[in-house]
Structure formats: C-alpha cells, structure tokens
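Trainee: Please find one structure pasted underneath; my questions will follow.
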Amino acid sequence: MGKAQVSVEVLLIIGFALIALVPILLLLRNQSSVIGEQQGVLEADLAAQRIAENADIVASMGNNATIQTKLLLPSSVQSIKIGETHPREIVFTLLTSRGTVEIVKTTNANVTGTLDIRGGGNYVVKITSISTTSPLVSVTIS
C-alpha cells in the first residue's frame, strides 16, 4: 500500500466524518436558540407575575404604600402594557422566532403605568398605591 493511497483514505474518512457532523452541529445550534427563547419567555413570565403580586400587596396596604422590586427582562420584550388593554391586566409582548407571544397577568387592583424599557437587562420597578377610594396602583421604572 502506497503513501498516496493512505493519504486518500485518511482524507475520505475525514470527509465522511465532517459530512456526519455538519447536520448534528446545525441541529444543536437550532436547539440552543429555542432554549434561549424559552428562557426569555420564562423570565418575562416571572417578571409579569412579580409585578402583579406586588401590585396586589401594595393595593392591600393602602394609599402611598410603595414596593421596589428588581426585574430581569429578556431582550425579546417588545412592549409592556400596564392597565392599557384592561384596567387589571399586565401584558408583556415578546418577539420570538415563531412570532409574537403575549404574557398576561391579572391583578385584584386596577393598575396603571409605563415601563419604558431599552432592551433586556435588570430594572428596578417602583409599585405605588395612588388611590384612596378604589385600589389603583402605579407601576414605573425607578
């Protein structure tokens, strides 16, 4: 067996190995992006739940009660609507590879406010009871 034949055989083996690895690598890359999106949806769900729970706590404490809480928001969050679609709803809108996803959490108190986010990251949110007659809670970024 000559050296040239051995070299060709080694190149063929390497070629077949690469042909087998490319689809596996593409599948892994696709799965990692899906997992990242799922993590973003879970982070947004947790943030919306935290706002809703703290709004209920503040409303039960009475006028001028305030809670500050930290939120981790994913970069896929497009908008946060607080009391815009319904007075007791907090709606997070996320953009994923499968389209737009909305996360909706409800509160016992009416909520209002704006969370002007500039991409993902950590935010400190101030939740304040602002009404003496009916429970109304304001949510803003500190």
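Trainee: What's the tally of Lys pairs in the chain whose alpha-carbon atoms lie under 29 angstrom apart, where the two lysines are 8 or more places apart or on different chains?
Mentor: 6
Trainee: Per residue of the chain, what 222 nm ellipticity follows from adding -39500 (n - 2.57) for every DSSP H run with n ≥ 4, rounded to the nearest 500?
Mentor: -15500 deg cm²/dmol
Trainee: On to the next question. Can you quote the Å³ per residue value for the convex hull of the Cα atoms in the range 98-142, rounded to an integer?
Mentor: Spelled out: Cα convex hull of the range 98-142, divided by residues, is 95 Å³.
Trainee: Rg/Rh for the chain: what does it come to with C-alpha atoms and Rh from Kirkwood?
Mentor: Rg/Rh for the chain comes to 1.40.
Trainee: I want the antiparallel fraction of DSSP beta bridges within the range 12-142, as a percent rounded to 5.
Mentor: The antiparallel fraction comes to roughly 85 percent.
Readers should treat all values here as calculations from the given coordinates under stated rules, not as data from a laboratory. Small disclaimer: the values here were computed from a predicted structure and weren't measured.
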